[in-house]
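Here's the structure, in structure tokens; my notes come after.
Values quoted throughout were computed directly from the atomic coordinates according to the rules given, and no laboratory measurement underlies them. Predicted model only: the values in this text are computed from it and were never measured. With ideal geometry, Cβ positions are generated from the backbone for all residues, glycine too; neighbour counts draw on all protein chains shown.
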């Protein structure tokens, strides 16, 4: 009996360490798989919105992204757009580097994209089929703003726009 007790004493520590090692390896494997898994994007589709006969900045949501412009340009541009009534939902840097200002929206001829383009003369317009109709403004090294932009765009019928937060939504224009 004495030999069995002594064998248990010798084996208890290595077996405990092996069990703990297996537990840590299993948790590490599970954690790695969780980190590598793609993050599902939930995109809220646009809502058909009656804006009257003209689209104005208060109906358009934009993200202002510095993509090669001088430091602080995105922040200043966000303030510039807010002064005209745009709903600036994000101001940040972007990994892409562009020379000219690039405006990205659902389609190059979407009303919200065309309205934003009026604020950036010489900008490049791109469409990527995004469902939410938020407009990204990528500010390049040659970012230029219009000093007195046209703040309306004639439209006919409803326009597909991002859903508005009711706390910050502006009232619909009177007809």
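A few comments on the model shown:
- When residue 88 is tested against (1) in contact with a helix residue (DSSP H, G or I) (Cβ under 8 Å, 6 or more places away or on another chain); (2) over 30 Å from residue 145 (Cα atoms), just one condition goes unmet, and that condition is (2).
- Any hit, region 31-38, residues being out of contact with any strand residue (DSSP E or B) (no Cβ under 9 Å at 6 or more places or on another chain), in contact (Cβ under 8 Å) with a residue 12 or more places away in the chain and either under 30 Å from residue 111 (Cβ atoms) or assigned to a loop (DSSP other than H, G, I, E, B) (or both): no
- Residue within region 141-153 that is free of Cβ contacts under 8 Å to residues at least 40 places away in the same chain, over 19 Å from residue 50 (Cα atoms) and either surrounded by 12 or more Cβ atoms within 10 Å (Cβ to Cβ) or in contact with a strand residue (DSSP E or B) (Cβ under 8 Å, 6 or more places away or on another chain) (or both) present: yes
- Hits in region 82-109 - residues which are in contact (Cβ under 8 Å) with a residue 40 or more places away in the chain and assigned to a loop (DSSP other than H, G, I, E, B): 84, 85, 94, 96, 97, 98, 99, 100, 101, 106
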